[in-house]
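The block underneath contains the structure these notes are about, expressed in structure tokens.
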Amino acid sequence: MNDMPWIKSYPPGVRWDIDIAPKPVHQLLDDSAAKWPDRPALQFMGKRTTYAELQSITNRMAKGLQQLGVGPGVHVGLYLPNTPHYVVALFAIMKAGGTVVNYSPLDASSVLEHKIEDSQTDYLMTVDLNALYPNMAPMLDKTRLKKLIVGNVAEMSAAPDAVREQLRAAKQLADVPVDDRHITFAQLIDNDGDYVRHPVADPREALAVMQYTGGTTGMPKGAMLTHANLSSACTQAWTQTGGDNPVLSEGVERVLAVLPPFHIYALTVNMLFGILAGAEIIQHMRFEPKAILADIQNNKITAFCAVPTMLTALINDPDIGKYNLRSLKFVNSGGAPLPAEVGRRFEELSGVKVSEGWGMTETSPTGTFTPSHLPRKPGSCGIPSPRIEIRMLDVDDPTRYVPLGQSGELCIKGPNVMKGYWKRPDATADVTTFDGFMRTGDVAYMDDDGYVFIVDRTKDMLLCSGYNVYPRVLEEAIYQHPSVQEVAVIGVPDEYRGQSPKAFVVLKPGTDEFALDALQAFLKDKLGKHEMVQALAFRAELPKTPVGKISKKTLQEEDARERGAQA
């Protein structure tokens, strides 16, 4: 108990030491189809698909994939927006015996080539949108890719002809050749669905998804996520919302899925978690604040998982007061630290406490959660999820862990933690501690109640006049300024101090820019002298990654170019 102080903070009825039986990921769909065959599983562009229908179309795709040559050891890529195609393909690939490889629609051509060759992707599914297909078509000639499976958005809508015409009029449709290297989604599922079963002998070893990390240097690495990793993550997420006063219930929830499905956060918390719970998953291809607010009201959404930038955009939408958000029972923020002020304001507007969690690609991505029965601790991402252990490694001596309350590198162990990096035993060894925990690169501390506070990434940490300075601490202080809507802090070269903090600020509508000395005066009682912001820039918006995180890498590149031009 002493080395797991978080247990005393668990909601009543929720146990840390639950039994987690590893299972194939596709069993989640088959189990839910057996329980709720007639319940809607998906809603997209006005069309509802029941669990029985989803299971049927998935089985047909599994057979179609097997007829192409997909089976154990074959890797199939998904280069898709948030449409039913993704849900169907994910489960079908696994049923066929294959492994899923996720691709980001914003990957550069060189990254796409690297992922295809590195992951040994033989087949890949996309849709006939100009934003996607033209990026992947050249890979048929440049890489090992054998065939493209191409769907179209309209076929999954309630009005296919109208949607197709709308996309054509907007010049969003791509021309797809008719040849032996292309097969349509409709052709692939044109069969009886009697596919060959390939039992997963050991879900803890069998690879389900290869999820590439967006490394800051060099080409991304493939995190090997097993069937047990992903199914365990779903069980952990479901368990922590239960107990004596469950937040969510089986077979009744409506999940709003806006996050891009190629990201591990969306894959687990929206799709797999939603399917496990027998929820209706309402899919949006893009994040549009007014459409999201309207859907929460009109569809009576009960669960919404977001990233902080989404919540920031919603609370700053001028029309948010016109929408009723009271159907929400569970709102989770992940992917990046949630500014305390953003969480507080969303809670005021919706009436539901925002649960913050921490996780990463390599943890499928469960890690911590916020207990629903206790007051939220500002700045904390919560306590370890069931069956997860967290310790802080001494950043100067990786042979020891630091005591409770001291900052160190967050290390994690649990059934959700990846098998390792694909074809990179060296990289796997680099992130493994002397006693088998995974090093995350996050600097954090844990308080006496087991709450984790992420201080920053080890790579983001600044060294100012010999002092460790963590950008997140500065960002939390700047967010308290009444004119600040969004902020990011990076380190810039400083001849005297080595590095200095520079803040990039987006102002709230109707507010005016302020001088650096005015910001410093505001922060004087909130930061130490060594932490004080030394440079300030205003932006109409901050650059974002595909999943909606603020891209500090882009800001660093912009700042370097500006300094070079001024030299």
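Structure above, values below:
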{"item": "Centroid-to-centroid separation of segment 168-200 and segment 78-95 [C-alpha atoms, Å]", "result": "11 Å"}
{"item": "Heavy-atom accessible surface of the chain: percent carbon and sulfur, 1.4 Å", "result": "50 percent"}
{"item": "Per-selection metrics, segment 491-567 (Cα): Rg and Dmax in Å", "result": "13.8, 37"}
{"item": "In order through segment 414-427: 3J(HN,Hα) via Karplus (6.51 cos²θ - 1.76 cosθ + 1.60), integer Hz, x for Gly, Pro", "result": "x, x, 8, 7, 3, 6, x, 8, 4, 6, 9, x, 5, 5"}
{"item": "Cα gyration tensor shape of segment 1-153, rounded if a/c is under 1.5, else prolate or oblate by comparing a/b with b/c", "result": "prolate"}
{"item": "Net charge of neighbours whose Cβ lies under 12 Å from the Cβ of Met94, counting Lys and Arg as +1 and Asp and Glu as -1", "result": "+2"}
{"item": "Calculated SAXS-style log₁₀ I(q)/I(0) at q = 0.08, 0.09, 0.10, 0.12 Å⁻¹ - the chain, Debye, Cα scatterers", "result": "-0.54, -0.69, -0.87, -1.27"}
{"item": "Viscosity 1.306 mPa s, 10 °C: Kirkwood-radius Stokes-Einstein D of segment 411-567 over Cα pairs, µm²/s", "result": "89 µm²/s"}
{"item": "All-pairs Cα distance distribution in segment 118-221, expressed in whole percent, bin size 5 Å", "result": "2, 9, 14, 16, 18, 15, 13, 8, 3, 1"}
{"item": "Sum of -39500 (n - 2.57) over DSSP H runs of 4+, divided by residues of the chain (222 nm, nearest 500)", "result": "-8000 deg cm²/dmol"}
{"item": "Hits among lysines - C-alpha to C-alpha of Lys329 under 19 Å, sequence gap 8 or more where chains match", "result": "Lys300, Lys353"}
{"item": "Hits among lysines - C-alpha to C-alpha of Lys35 under 20 Å, sequence gap 8 or more where chains match", "result": "Lys23, Lys95"}
{"item": "log₁₀ of I(q)/I(0) at q = 0.10, 0.14, 0.15, 0.18 Å⁻¹ - segment 191-338, Debye sum with one point per alpha carbon", "result": "-0.43, -0.80, -0.89, -1.15"}
{"item": "37 °C / 0.692 mPa s Stokes-Einstein diffusion coefficient of segment 263-389, Kirkwood radius on C-alpha pairs, µm²/s", "result": "218 µm²/s"}
{"item": "Surface/4 of the Cα convex hull for segment 366-411, nm²", "result": "4.0 nm²"}
{"item": "Partners for Lys115 among aspartates and glutamates (Cα-Cα distance below 14 Å; same-chain residues under 8 apart left out)", "result": "Asp107"}
{"item": "Net charge, Met392 excluded, C-beta distance under 11 Å - Lys, Arg +1, Asp, Glu -1", "result": "0"}
{"item": "Amide H partners (placed H, <5 Å) of Glu356, local residues excluded", "result": "Ser333, Thr370"}
{"item": "Cβ-based net charge around Glu347, under 10 Å, with every Lys or Arg adding one and every Asp or Glu removing one", "result": "+3"}
{"item": "Taking the C-alpha atoms of segment 481-524, convex hull volume expressed per residue in Å³", "result": "77 Å³"}
{"item": "Rounded accessible area per residue of segment 114-265, 1.4 Å, Å²", "result": "43 Å²"}
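The values are calculated or read from the model by the stated rules, or taken from the named source; none is laboratory data. Keep in mind that what you see is a predicted model, and the values were worked out from it rather than measured. Cβ coordinates were reconstructed from backbone atoms using ideal geometry, including for glycine residues, and neighbour counts include every protein chain displayed. Ligands, DNA and RNA are stripped out before the accessible areas are found, and what is left, the full protein with its side chains, is counted by its heavy atoms. Shrake-Rupley method; radii C 1.70, N 1.55, O 1.52, S 1.80 Å.
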